[in-house]
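Structure, as structure tokens:
The values are calculated or read from the model by the stated rules, or taken from the named source; none is laboratory data. Since this is a predicted model, take the numbers as computed values, not measurements. Cβ placement follows ideal geometry from the backbone for every residue including glycine, while neighbour counts extend to all protein chains displayed. Only protein heavy atoms, including side chains, enter the accessible area calculation; ligands, DNA and RNA are left aside. Shrake-Rupley method; radii C 1.70, N 1.55, O 1.52, S 1.80 Å.
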Amino acid sequence: MDFVAIYLLMLLCLNIFTNSFSKGIPQPSCIKSERQALLKIKQQLKHSNMLAVWNARNEDCCKWVRVFCNIVTGHVTELQLGSSNDTIASSRSKKARSLKLGGKLSPALLDLKHLSYLDLSNNDFDPTQIPDWFWNLTSHLQYLNISGNQFQGKIPDLLTNQASLVLDLSFNNFTGSLPGISLNMTVLDLSNNVLSGSMSQFLCHKKHQMKLEVLNLEGNHLSGEIPDCWEKWRSLVAIELCNNNFSGGIPSSMGALTSLESLHLRNNHLEGEIPDSLTNCTQLLTLDFAANHLSGEIPPWMGERLSKLIIISFQSNRFHGHVPEQICGLSSLQILDLSHNNLSGNIPSCINNLTAMISRKSSCSKISYNTSKGCFFDNMELMVKGTMLDYSNTLGLIKLVDLSDNNLSGEIPEEMTMLTGLLSLNLSKNHLVGKIPSNIGAIKTLECVDLSENNLSGKIPDSMSELSFLSYLNLSYNKLTGQIPTGTQLQSFSASSFLGTKLYGPPLPTPKTLVPASNIVGGQVDSRKQVDWNFIWMEFGFWCGFLCVACPLLFTNSGDACIFRILTKYQTFLSKCKIL
């Protein structure tokens with residue numbers, strides 16, 4: 001999950017408003033003790049070129065870069081010392097590296113009593129354990145982000161924070177078990193660390209309703225079953241438990257999370273069926289259960305009760321049965337990935353009712369979820385063009401149908417071509433028959449088409465040549481016949497896109513025509529393409545005869561008799577070869 005504190009934008013707007021409103025009105029300068037604390041903080045930091053203006057000569061620390069003060073009291077309230085993602089991407093440059101902080105965390109941070117916002121994310125701090133005093137900051141901070149560093153050690157229980165806290169400790173090397181948290185915490189991101197153990201102590205035995213809205217534990221070493229005690233976490237909007245070692249089933253108590261919009265359980269060892277209790281989670285936009293061992297049928301009620309779904313990803317499980325027609329009722333669905341299961345039957349002909357896949361435009365390139373602290377952007381791993389890619393900033397633009405590697409049969413419904421906003425269509429490794437829909441060229445936005453390893457027959461529709469954005473095509477191992485449409489970009493694909501078919505024409509290699517050898521010596525045969533074995537045998541016979549004659553003449557005295565005998569034998573040899 002890509003967290004974005006939207007209230008930062010609100011604070012920026014507020015600063016612009018107050019600065020405009022207060023022009024001509026004297027502003028309070030920063031508190032002397034807080035300026036001294038900031039100078040001590042700078043002394044402990046390395047590579048602090050961005051803090052060059054932090055010096056004793058510049059007395060008003062409220063005007064220092066990345067420092068924000070209360071416009072009434074002059075107290076320091078925010079330190080925005082994080083490095084942007086753009087800086088990370090360009091970290092090879094000397095300038096970008098100079099904008100990254102390193103060194104040590106200074107206890108002078110505790111002297112900033114009114115600090116509510118601290119961002120130290122994506123810097124170059126040395127691999128070090130967070131000092132114990134640092135966690136005391138969480139008692140009054142509203143936002144703390146130290147993600148993307150190399151911090152180590154265990155995270156203590158965080159039970160003392162009085163304000164609602166957004167805490168982002170992701171992409172570090174923290175170990176140990178999950179910490180206890182207070183009921184005031186609203187966002188907790190511990191993803192991509194080395195945390196281990198079960199969730200039971202963290203999740204269960206709560207006496208009060210928790211205020212947590214976003215829980216991200218992705219990419220750790222957590223194990224055991226996902227506890228069945230979610231009743232005290234009804235404020236949750238998003239849960240991210242991907243890439244751990246959880247086992248057992250999806251707990252039925254998750255049905256109590258009626259505000260839930262995003263549920264990611266990808267790449268664990270979960271088994272069993274999808275619990276019917278999830279019918280209560282009517283606000284769900286994303287269901288990501290991919291890469292588990294879930295079984296049973298895909299519940300028809302998903303298309304009836306979860307009407308807001310935008311993303312369904314169930315790939316690499318053990319689901320069987322038909323693709324339920326009720327899924328066609330999900331008018332907001334943009335991503336349908338049911339690949340690598342045991343589904344059978346026909347592709348529903350009502351698939352054209354997925355109206356979000358008809359529009360060629362999207363209102364937003366990201367899929368976001370609102371919380372009381374702002375919003376965050378969802379992300380998703382998707383197989384596109386034969387490669388697993390992680391989408392976040394452009395996830396809202398992706399429109400995909402992937403039903404590959406199942407046991408689907410029947411024909412590709414013509415209604416599929418009405419999904420004119422589709423970017424990727426993958427129906428490979430099934431038992432589909434019939435022709436490729438003649439109007440497939442109507443899906444002008446298609447960038448990826450994979451229909452390989454089916455029993456499709458007939459010709460490639462001429463309309464496929466109209467897919468000007470197509471960059472990945474695989475029609476191999478079908479019963480397709482005829483010529484590949486020429487004069488189009490279909491010739492730009494490699495021959496492997498058409499292997500195992502009866503197609504011909506570029507880019508497939510032209511078969512070589514064999515010229516039969518002539519039975520007549522001296523016949524009109526192109527010596528560059530056909531070997532004349534008669535000529536070779538004649539040459540062989542000549543040289544054998546020459547040597548048989550020359551050698552005796554050189555080494556014997558009875559040349560005449562020898563020559564006579566040799567010529568007689570040579571004539572007999574030629575007669576047998578049918579040369580004379």
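Below are the figures for this structure:
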{"item": "Members of the range 116-139 that are at pLDDT below 90, part of a loop (DSSP other than H, G, I, E, B) and surrounded by 14 or more Cβ atoms within 10 Å (Cβ to Cβ)", "result": "Asp124, Phe125"}
{"item": "Condition met for Gly386 (open to solvent by less than 60 Å² (accessible area, probe 1.4 Å) and modelled with pLDDT of 95 or more)", "result": "no"}
{"item": "Residue match in the range 50-58 (condition: modelled with pLDDT under 75 and open to solvent by less than 60 Å² (accessible area, probe 1.4 Å))", "result": "no"}
{"item": "Matching residues in the range 407-427 - criterion: being open to solvent by less than 10 Å² (accessible area, probe 1.4 Å), in contact with a Ser or Thr (Cβ under 7 Å, 6 or more places away or on another chain) and within 13 Å of Leu451 (Cα to Cα)", "result": "Leu408, Leu427"}
{"item": "Lone qualifier among Ile347, Ile327 - being crowded, with 17+ Cβ neighbours inside 10 Å, in a loop (DSSP other than H, G, I, E, B) and either assigned by the TED database to the domain that holds Pro300 or in contact with a Leu (Cβ under 6 Å, 6 or more places away or on another chain) (or both)", "result": "Ile347"}
{"item": "Residue in the range 62-74 that is under 39 Å from the mean Cα position of the chain (by Cα), at pLDDT below 90 and in a strand (DSSP E or B) present", "result": "no"}
{"item": "The one condition in (1) over 21 Å from Asn292 (Cα atoms); (2) modelled with pLDDT of 95 or more; (3) in contact with a Ser or Thr (Cβ under 6 Å, 6 or more places away or on another chain); (4) not acidic (Asp, Glu) that Asn184 fails to fulfil", "result": "(2)"}
{"item": "Hits in the range 227-236 (condition: open to solvent by 10 Å² or more (accessible area, probe 1.4 Å) and of a type outside the set (Ser, Thr, Tyr))", "result": "Pro227, Asp228, Cys229, Glu231, Lys232, Arg234"}
{"item": "Residue check for Glu261: acidic (Asp, Glu) and surrounded by fewer than 15 Cβ atoms within 10 Å (Cβ to Cβ)", "result": "no"}
{"item": "Residue match in the range 144-155 (condition: more than 24 Å from Lys206 (Cα to Cα), in contact with a Lys or Arg (Cβ under 9 Å, 6 or more places away or on another chain), open to solvent by less than 10 Å² (accessible area, probe 1.4 Å) and of a type outside the set (S, T, N, Q))", "result": "no"}
{"item": "Any hit, the range 221-239, residues being assigned to a strand (DSSP E or B), of a type in the set (Asp, Glu) and in contact with a His (Cβ under 8 Å, 6 or more places away or on another chain)", "result": "no"}
{"item": "Residue check for Lys366: in contact with a strand residue (DSSP E or B) (Cβ under 8 Å, 6 or more places away or on another chain) and modelled with pLDDT under 95", "result": "yes"}
{"item": "Conditions (1) within 22 Å of the chain's Cα centre (by Cα); (2) under 18 Å from Ser368 (Cβ atoms); (3) not basic (Lys, Arg): number failed by Val237", "result": "(1)"}
{"item": "From Asn439, Asn430, residue being open to solvent by 20 Å² or more (accessible area, probe 1.4 Å), in the same structural domain as Met357 (by the TED database) and not aliphatic (A, V, I, L, M)", "result": "Asn439"}
{"item": "Residues within the range 29-49 that are within 14 Å of Asp124 (Cα to Cα) and assigned to a helix (DSSP H, G or I), tallied", "result": "1"}
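Matching residues to (1) touching a strand residue (DSSP E or B) at 6+ places or on another chain (Cβ under 8 Å); (2) part of a loop (DSSP other than H, G, I, E, B); (3) surrounded by 19 or more Cβ atoms within 10 Å (Cβ to Cβ):
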{"site": "Ser316", "(1), (2), (3)": "no, yes, yes"}
{"site": "Ser331", "(1), (2), (3)": "no, yes, no"}
{"site": "Leu336", "(1), (2), (3)": "yes, no, yes"}
{"site": "Ser339", "(1), (2), (3)": "yes, yes, yes"}
{"site": "Cys375", "(1), (2), (3)": "yes, no, no"}
